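K.L.:
Here's a structure for you.
Read-outs: derived from the displayed coordinates by stated rules, not from any lab. Keep in mind it's a predicted model, so treat the numbers as computed, not measured. Cβ placement follows ideal geometry from the backbone for every residue including glycine, while neighbour counts extend to all protein chains displayed.
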Amino acid sequence: MNPQSSFAISRRSALKSLLASGLGGLLPSRVFGRSKTNDGIKQVLDYLETLRRADGGYAWHGQMVSHLAPTLYAIGCFQALDRTPPRKSELIDFTWKHHPQSVWPLSERRFIFDYQHIQALSWLGEDVTTLREKIAELKEPRGYNKRYEKQGNPFFQAEIKHFKSRELVGLPRPSKVFINFLDARRRDNGSYNTTPASDGGDGNILNTWWGLEALHSLGRSNENKDSLIQWLQTCQLSNGGFSHQPYPQMAGLDDVSYTWAALRALQLLGVGPIDEQACI
């Protein structure tokens, strides 16, 4: 048997098990419930074990080198399932030492890695306030290389996670520059996208969740609430899943990540999808 094909199937099965066994508890409970069956938990834990590497961290399937991002998501699974990660002390040591900026000091700093670093350590029970000074030094979003992004617009998720990082280490709201960056990317309907609203075009459901999460940290999540709820609910397709925006002209397909973002956003706004049963 090809072990890669076996694990690829397990990955899909593990996703279903995550929703069934309790990671869905991070989503609205009335949609996914909070059942944590032993079989479901075992499937998830067995899958995570295939991603654990000898250095104490986790890697994506098929990759031998651990990285902060998959390590964060593995820790998040253990957190959601109320389980202690195996070899926790090694995992803590790996996480402290493997911020990508520490591993590759000449690489450009991205705020999303600061967030992943802080959130992972926080879930592991570490004192992240020691990173407060480092986060306080960051004053403005970083532009993106114009070789890849013609206008140099920053990668929205990567920069907007700075709001969450500040919240986790106990810092007050970010500078006006960051808040202006957030506000400039909000459409009239309440959705967000990577480009400024003045450039035209609708929001994207993933960017909308990240933007709403940042807005919530400012105590402003009720702004444009009714319009945003309608926008989010209209992203739901007839099969129950969600697409990236209402009535998209291109790539109007459902996706589990779009559905996740929609449910998180709707939950924060105090409502659910129009067709909950189809979503389940």
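K.L.:
What Kirkwood radius, in Å to one decimal, follows from the Cα pairs of the stretch 85-151?
P.N.:
Every distinct Cα pair counted, the radius reaches 13.6 Å.
K.L.:
Among the lysines in the chain, how many pairs, 8 or more places apart or on different chains, have alpha carbons under 14 Å apart?
P.N.:
4
K.L.:
Of the candidates Q101, Q230, Q151, which one comes out as most mobile in a Gaussian network treatment of the chain with C-alpha springs shorter than 10 Å?
P.N.:
Q151
K.L.:
Also: Modelling each spin label as a point 7 Å along the Cα-to-Cβ direction, I'd like the S227/S198 distance in nm, to one decimal.
P.N.:
1.8
K.L.:
Cα-based Rg (one decimal) and Dmax (whole number) for the stretch 81-207, in Å?
P.N.:
Cα-based Rg and Dmax for the stretch 81-207 come out at 16.5, 50 Å.
K.L.:
Just need the relative contact order of the chain here, percent rounded to a whole number, with Cα pairs under 8 Å and 6+ apart.
P.N.:
Over the chain, the number comes to 13 percent.
K.L.:
Taking θ as phi - 60°, what are the ³J(HN,Hα) couplings along the stretch 261-272 by the Karplus curve (6.51, -1.76, 1.60), each to the nearest whole Hz, with x for Gly and Pro?
P.N.:
Result, ordered by residue: 4, 5, 5, 4, 5, 5, 4, 4, 8, x, 9, x Hz.
K.L.:
To the nearest 500 deg cm²/dmol, what mean residue ellipticity at 222 nm is calculated for the chain from DSSP H runs of n ≥ 4 alone, each contributing -39,500 (n - 2.57), summed and divided by the residues?
P.N.:
Per the formula, -15500 deg cm²/dmol.
K.L.:
Kindly provide the pair-distance distribution of the stretch 132-177 built from C-alpha pairs, with 5 Å bins from 0 and whole-percent values in order of increasing distance.
P.N.:
Pair shares across the bins are 5, 21, 28, 20, 12, 8, 5, 0.
K.L.:
If you don't mind, another one. So, in nm, how far is label D82 from label Q267 when the simple model puts each one 7 Å beyond its Cα toward the Cβ?
P.N.:
1.6
K.L.:
Can you pull the semi-axes for the stretch 153-280, root of five times each eigenvalue of the Cα gyration tensor, sorted largest first, whole Å?
P.N.:
They are 25, 16, 12 Å, listed largest first.
K.L.:
Can you give the extra length, in nm with one decimal, that the chain gains between E140 and K42 once fully stretched, where that is 0.36 nm per residue apart less the Cα-Cα distance?
P.N.:
30.9 nm
K.L.:
Related question: At what distance in angstrom do the alpha carbon centres of the stretch 42-119 and the stretch 177-239 lie from each other?
P.N.:
Result: 29 Å between the Cα centres.
K.L.:
Under the rule a/c < 1.5 gives rounded, and otherwise a/b versus b/c splits prolate from oblate, where does the stretch 58-100 land using the Cα gyration tensor?
P.N.:
Note, shape of the stretch 58-100 comes out oblate.
K.L.:
Taking each pair of different alpha-carbon atoms in the chain once, compute 1/r for the pair, average those values, and report the inverse of that mean as the Kirkwood hydrodynamic radius in Å to one decimal.
P.N.:
20.1
K.L.:
Gaussian network model of the chain, Cα springs within a sub-10 Å range: biggest mean-square fluctuation belongs to which of G203, G240, G62?
P.N.:
Greatest mean-square fluctuation among the candidates belongs to G62.
K.L.:
Put a dot 7 Å past each Cα toward the Cβ at E90 and M64; how far apart are the dots in nm?
P.N.:
A separation of 1.7 nm, rounded to one decimal place.
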